[in-house]
1. How many of the residues in segment B:89-101 are part of a loop (DSSP other than H, G, I, E, B) and either touching a Ser or Thr at 6+ places or on another chain (Cβ under 9 Å) or more than 7 Å from every other protein chain (Cβ to nearest Cβ) (or both)?
2. Report the residue count in segment A:272-302 for those that are in a strand (DSSP E or B) and either at the interface with chain B (Cβ under 9 Å from one of its Cβ atoms) or aromatic (Phe, Trp, Tyr) (or both).
3. If you take the residues of segment A:23-52 that are touching a residue at least 24 places away in the same chain (Cβ under 8 Å) and hydroxyl-bearing (Ser, Thr, Tyr), which of them is nearest to A:Arg2 (Cα to Cα)?
4. Return only the number of the condition from (1) closer than 13 Å to A:Gly252 by Cβ; (2) within 12 Å of chain B (Cβ to nearest Cβ); (3) touching a Ser or Thr at 6+ places or on another chain (Cβ under 9 Å) that A:Tyr305 does not satisfy.
5. Among the residues of segment B:73-88, which ones are part of a loop (DSSP other than H, G, I, E, B), at the interface with another protein chain (Cβ under 8 Å from one of its Cβ atoms) and modelled with pLDDT under 85?
6. Across segment B:203-240, what is the number of residues that are under 41 Å from the mean Cα position of the chain (by Cα) and modelled with pLDDT of 85 or more?
7. Residue by residue through segment A:33-71, note down the ones that are of a type outside the set (S, T, N, Q), farther than 19 Å from B:Asn86 by Cα and buried (at least 19 other Cβ atoms within 10 Å of the Cβ).
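The values are calculated or read from the model by the stated rules, or taken from the named source; none is laboratory data. Since the structure is predicted, the reported quantities are computational estimates derived from the model, not experimental observations. Don't worry about glycine lacking a Cβ; one is built from the backbone with ideal geometry, like all the others, and counts go over all protein chains shown.
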Amino acid sequence: MRPILLSGHERALTQVKFSKEGDLIFSVSKDHVVCAWYSANGERFGAYKGHQGALWTVDVDPTTTLLATGGADNTMRLWEVRTGKLLKTWDYATSVKRVEFSEDGRQLLAVTEKRTGQLSTVYIYDISPDPSEPAPSEHALRIVVDEQPRVTVAGFSYLNHFIIMGHEDGSVSQWDAKSGEHIKDNYSHEDGMQVSDLQWSADRTYFLTASKDKTAKLHDTATLEVLKTYTADTPLNSAAICPDPQQYVILGGGQAAMDVTTTSQRQGKFEARFYHKVFEEEIGRVRGHFGPLNSVAVDPTGKCYCSGGEDGYVRVHHFDPPYFDFQFEVEREARAESRI
Amino acid sequence: MATTVQNTPGRTDWAEDGEPELASVLPQPVTTKNKDGTETVVSYYLNEAGKKVKRTQRIRRTVVKKRENPRVAERRQWAKMGPEANKPAGPGDTTTLGENIIFRPQVGFKAGGVQEKAPEEEKKNDALKKMQIKCRICSGDHFTTKCPFKDSMAAPEEGTGEGAGGEGGGDGIDAAGGLGSTTGAYVPIHLRNGRKGEGERMGGKFERDDLATLRVTNVSELAEEQDLRDMFERHGRVTRVFLAKDRETGRAKGFAFVSYADRADAARACERMDGYGFGHLILRVEFAKKADGK
């Protein structure tokens, strides 16, 4: 496959996200620019200007009408995707590290940084999908996380029942999305190794966390128990679940133990790693980035994936047929049997 | 006549017209439909040098039907915004195509350069397979210089060589030459017969035997060969002194080799001379390491 290199950013990428149909990619970076691209050919659709300071996070609603971004200028902004018009700005005391729309696009959460005098807080807003309707300034719910270490990532579970948070000590916690009550925790990752990314499965009944402890773990949303663990040899910055029928997960990180190989020097050495979701075995790597991978995202239709790196490039890869045909022996037999 | 030209039939004054400008009038493009469904278009144009160029194109038109989500189709029609607002359609300079990567998931994937094998290595492997490569030492499937048993198995050659060498001078040499080079290649004298062949060396067996050779280090720059010889002569007969000299300046490089006739002498000298002060430096004496390679 020939990766498409998107060079719209001057500084390191912090997050990349696909639209629900997989045709648009939104990328944010430490330069205060949000770019939107067509994933089919890498053509840039446009950019959203307004933020000052580094941008940490981006998310698009399921109808691809609204775009939310959060950054180091202590604001979260809401944009209309099509025109680039800034619809709403929310101001906070500290920088916004994560924004996420709920599954139905009706709610939006923002995670604000912990600083001296400020606790890590998660704000939830009710959003209307109609861009002409002004978004509320008042949060519907505010969760102040005081007993636990700083929140690094958060997201809405299935049916907006729970909010799952990842913390800087490697634990994940579950909170009620209506009342803000803390329900349970699980200290799944190694102590002190922060959870760098949290990405959902298609139906949000399980999620994948990536951590600096060189592992990514698959958790069940309701019970928070660890279902699978994928071990890499480098601290991970991001992990994504490929949609069915492909049973793969993609991990991205950096600072690997590089061995000297005979690769072309025009290509970078940092790799995205592919693991089988069920068997936890590594099945392939794709190199190309010139710096650690900061974010990986998979097209919800499964045709491509993209990675944003520290080198300022977004690389979009459209999979070849061998990717779709690959199966373990056991899987092949199981399929054959069930047909008979 | 009239300045306007008219193409009336029966006109006979065409000789008075100006130069007909046939050369600058290009024929119209001609499109023909072929039997196999393609179209052939023949057109003419003037290239940069002003020459008339005929271009023939064979075009096949196929209709590819693709199913697309209506929302995606709608988004494709959106006008580009922001910095892309007035740019033409299609990827601009922010987009480039990378190098082709072969990505094939496989069971038991091992990282560490297995994916990419250098083309030179592949060629070498192929060449090896085609040629009948045989090692001269162990008859294995590799080059002699790459033989893993170079040191250990080169020895059997010496053993057989020495037996033949002891048979007598002249014959020995011929036989040795013959033995060492059963393949017909020339083997130089110092490589035949197992290296330190008896009766081959001038001046006796222990001429350069490293068992009686001492390495002296930390030698002062002002030292000379005669000085060292005198110093070490006290402990026994010195057969050879080699002082490492800088070719250009002639001064000593700091170490020397002293060879004795008798091994015991060498051992005694080693004990006595180690730590001996010479010039402004303290000498260090030890047995020289065996010369490797042969």
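1. Qualifying residue count, segment B:89-101: 4.
2. Residues flagged as in a strand (DSSP E or B) and either at the interface with chain B (Cβ under 9 Å from one of its Cβ atoms) or aromatic (Phe, Trp, Tyr) (or both) within segment A:272-302 amount to 11.
3. Per the criteria, the residue is A:Ser39.
4. Single failed check for A:Tyr305: (3).
5. Listed by number, the list holds a single entry, B:Ala85.
6. Looking only at that region, the number is 7.
7. Result: A:His51, A:Leu55, A:Trp56, A:Val58, A:Asp59, A:Val60, A:Asp61, A:Leu66, A:Leu67, A:Ala68, A:Gly70, A:Gly71.
Here's the yes/no breakdown for (1) more than 14 Å from chain B (Cβ to nearest Cβ); (2) in contact (Cβ under 8 Å) with a residue 40 or more places away in the chain:
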position	(1), (2)
A:Ala72	yes, no
A:Arg82	no, no
A:Lys88	yes, yes
A:Tyr92	yes, no
A:Arg98	yes, yes
A:Gly105	no, yes
